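The values are calculated or read from the model by the stated rules, or taken from the named source; none is laboratory data. Please read these numbers as outputs of a predicted model, since none were measured by experiment. Cβ coordinates were reconstructed from backbone atoms using ideal geometry, including for glycine residues, and neighbour counts include every protein chain displayed. What goes into the accessible areas is simple: the full protein's heavy atoms, side chains included, and nothing from ligands, DNA or RNA. Shrake-Rupley method; radii C 1.70, N 1.55, O 1.52, S 1.80 Å.
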Amino acid sequence: MSGQSWRYEDLEVFKRAYGLSLEMHRASLTWPREEQFGGIADQLRRSSKSVCALLAEGSARQRSSQAEFRRYVIMAMGSADEARLWCRYAEDLGYVEEAVVRRWQEEAGIVARMLQSLARRLQSS
């Protein structure tokens, strides 16, 4: 692991997070207009995309410091958990069926665990 450099596009966690963020984005476009800009739809889109953006930015910074990449991975974990929260709001407000929300939350949880594992690997390198 020492000295290893990753391209974010090659990380399985990025691929998984990207697919989930696309699905959430597309679904949220059908929600009420008042939720589109600054509301739950907007927050869900931002938090889910933030996971991917943080991985991209962090992987670029790993050239100078693996610790810096790890810091971005940890921030991405927070964004994944934030997306899970917005899913809950979406369900409680009736924008998304329970089964869809459960699947999204489960997938975001898997992404968060994958990020945690990556952070541990980066710490030990």
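See the values below:
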item: Answer from Ser65, Ser59, Ser50 - the residue that is among the hydroxyl-bearing types (Ser, Thr, Tyr) and free of Cβ contacts under 8 Å to residues at least 12 places away in the same chain; result: Ser65
item: Residue match in the stretch 95-104 (condition: open to solvent by 40 Å² or more (accessible area, probe 1.4 Å) and not in a helix (DSSP H, G or I)); result: yes
item: Subset tally (residues that are in a helix (DSSP H, G or I) and more than 13 Å from Trp86 (Cα to Cα)) for the stretch 1-26; result: 15
item: Residue in the stretch 33-90 that is most open to solvent (accessible area, probe 1.4 Å), counting only those that are out of contact with any helix residue (DSSP H, G or I) (no Cβ under 8 Å at 6 or more places or on another chain) and outside any helix (DSSP H, G or I); result: Arg63
